[in-house]
């Protein structure tokens, strides 16, 4: 029997209305019959099961419409099983960064323990075994990182970066063992071959995955390769030659990052800053010019990050802020262009403002003419 809005069944409501004289018995019977027909013609909805007791039956598919929900769900999509509710996307829970860090730490400990065990039980590993181990590690980690499906999980992207970084180290070790044990090259030649191979491999991986670790590996390989090449080519340069080259490579690297050629920008700027300081320190070991490079690098880094002049003056030990500005606060092309754009925006009104200003001037002229005519 249908329920009424005031409570109770429809039959009880009709009985009260008939007793009160609102309707007669014939009207009550017709109303009740009409409501019974309407209620029976409506489709019956399945009852919702109690919580914790999902149904195991799959809803029957209507003609021409296959059931797309999972078996036993009672609905389409990812809604609760047997709930009859519309499908809703469950919130994606990401892996906590702390748990991810513990996983990496455990992997490092496991690799170190494995290396110690291998060295203990196999102190003199044959050259073929070393090459095979380095090659297998490089290929396996490269393939595993390539087949990882990152999707919406950033942890998989970081895992790929770590795997490819270890693969880069393995490729560099493979080239070093090959040049030293098989080809019997000299020490500098071994270093050049290993650094060139590792840097080329890192560039390819960075082109495929623009991540922080691949960027740092590419920068480290490039700086080391340039420094080793200069050390071998120039006799008598001692440490200041490689140091100066590292400083120059870092400066060019920072410019390329700032112009958007190398990504990510934060990793590139950090690597360039570290290279500038390292190159200045190496140059400073043999010549006083390294001190100038070190102080200049510090000053330009302070100004580039937006530090005020007084802070830079105090850190550099200058007697006045004017000295700091005269020496290091040089106008760059980007700063000049940015300042020109800001001044142009300030001086150049918008179209609406220019139109309003023109209308105001025209009205003022008309008003002055009217006043002159009245006089």
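A short reminder: the numbers here are calculations on the coordinates, not readings from a lab. Computed from a predicted structure; not experimentally measured. No Cβ is skipped: glycine too gets one built from the backbone with ideal geometry, and neighbour counts run over all protein chains shown.
The distance between label points at residue 184 and residue 149 comes to 5.3 nm (points 7 Å beyond Cα on the Cα→Cβ vector). Computed extension length for residue 22-residue 140: 33.7 nm, one decimal, from 0.36 nm per residue of separation with the Cα-Cα distance subtracted. Label-to-label distance, residue 112 versus residue 266, with points set 7 angstrom from Cα along the beta-carbon direction: 2.7 nm.
By other beta-carbon atoms within 10 Å, ranking 218, 284, 125 with the fewest at the front produces 125, 284, 218. Taking Cα centroids, how far is region 91-149 from region 182-224 in Å? The distance from the Cα centre of region 91-149 to that of region 182-224 comes to 19 Å. Cβ crowding within 10 Å, taken as a proxy for footprinting-reagent exposure, orders 12, 24, 180 from fewest neighbours to most as 24, 12, 180. Listed by Cβ neighbour count within 10 Å, with the fewest neighbours leading, 104, 201 appear as 104, 201.
Which of the peptides 219-227, 256-264 is most tightly packed, and how do the rest follow, going by the mean number of other Cβ atoms within 10 Å of each residue? Provide the component values of the computation, followed by the final result.
Working: 219-227: 21.4, 256-264: 14.3.
Averaged packing, sorted descending, gives the order 219-227, 256-264.
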